[in-house]
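Presented below is the structure to which this report refers.
FYI, it's all coordinate maths here, none of it is from the lab. Note that the coordinates shown come from a computational prediction; the quantities given were computed from them, not determined experimentally. All Cβ positions, glycine included, derive from the backbone under ideal geometry; neighbour counts span all protein chains shown.
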Amino acid sequence: MKRVMFVCKKNSARSQMAEGFAKTIGQGKIEVISSGLEASQVRPEAIATMKDAGIDISAQTSKTLSEFKSENFDMVISLCGCGVNLPPEWLTREVFEDWQLDDPAEQPEIFPRVRDEIRERVTRLVESLQVASVG
């Protein structure tokens with residue numbers, strides 16, 4: 001089973017939503033966690049917009065990347081363009097992607113759009129892992 005780390009600057013919105021979708025869509029297929037370059041708190045807007053999509057992330061907490069070891073993860077997905085700020089050992093995992101999604105914290109009205117973009121990308125990610133394991 002692949003282990004995925006979603007990372008964002010503060011682990012307050014985008015990475016938290018990605019973790020929520022991945023735990024739901026990838027249940028039994030991937031292990032997932034999210035973290036940030038710094039910790040903060042999960043934004044209420046992220047919790048509310050995910051609730052609108054039928055996923056409860058209210059129990060998730062903000063964590064720092066430094067709490068984890070890169071060798072424990074196969075894939076690292078940056079959601080905010082922060083890949084350039086990650087320690088090198090995180091960039092050399094089996095898969096590294098930087099999705100560079102807009103920050104809804106600065107424009108709360110875009111939370112639903114960003115949430116839907118994350119859902120689409122997480123769905124494609126999980127589907128690609130299933131294809132790879134079959135092939």
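For this structure, a couple of remarks:
- Among the residues examined, Ser58 does not qualify as within 23 Å of Glu127 (Cα to Cα), hydroxyl-bearing (Ser, Thr, Tyr), in contact (Cβ under 8 Å) with a residue 12 or more places away in the chain and not in a helix (DSSP H, G or I).
- Among the residues of the range 61-75, those that are out of contact with any Ser or Thr (no Cβ under 9 Å at 6 or more places or on another chain) and either assigned to a loop (DSSP other than H, G, I, E, B) or surrounded by fewer than 11 Cβ atoms within 10 Å (Cβ to Cβ) (or both) comprise Thr61, Lys69, Glu71, Phe73, Asp74.
- Counting only residues that are within 17 Å of Gly20 (Cα to Cα) and free of Cβ contacts under 8 Å to residues at least 60 places away in the same chain, the range 65-109 holds 1 of them.
- Selection from the range 20-36 of residues that are charged (D, E, K, R) and either buried (at least 24 other Cβ atoms within 10 Å of the Cβ) or in a loop (DSSP other than H, G, I, E, B) (or both): Lys29
- Output for the range 104-114, where each listed residue is touching a helix residue (DSSP H, G or I) at 6+ places or on another chain (Cβ under 7 Å) and either crowded, with 17+ Cβ neighbours inside 10 Å or not in a helix (DSSP H, G or I) (or both): Pro104, Phe111, Val114
- Of the residues contained in the range 34-42, none is found to be in contact (Cβ under 8 Å) with a residue 60 or more places away in the chain and within 19 Å of Trp90 (Cβ to Cβ).
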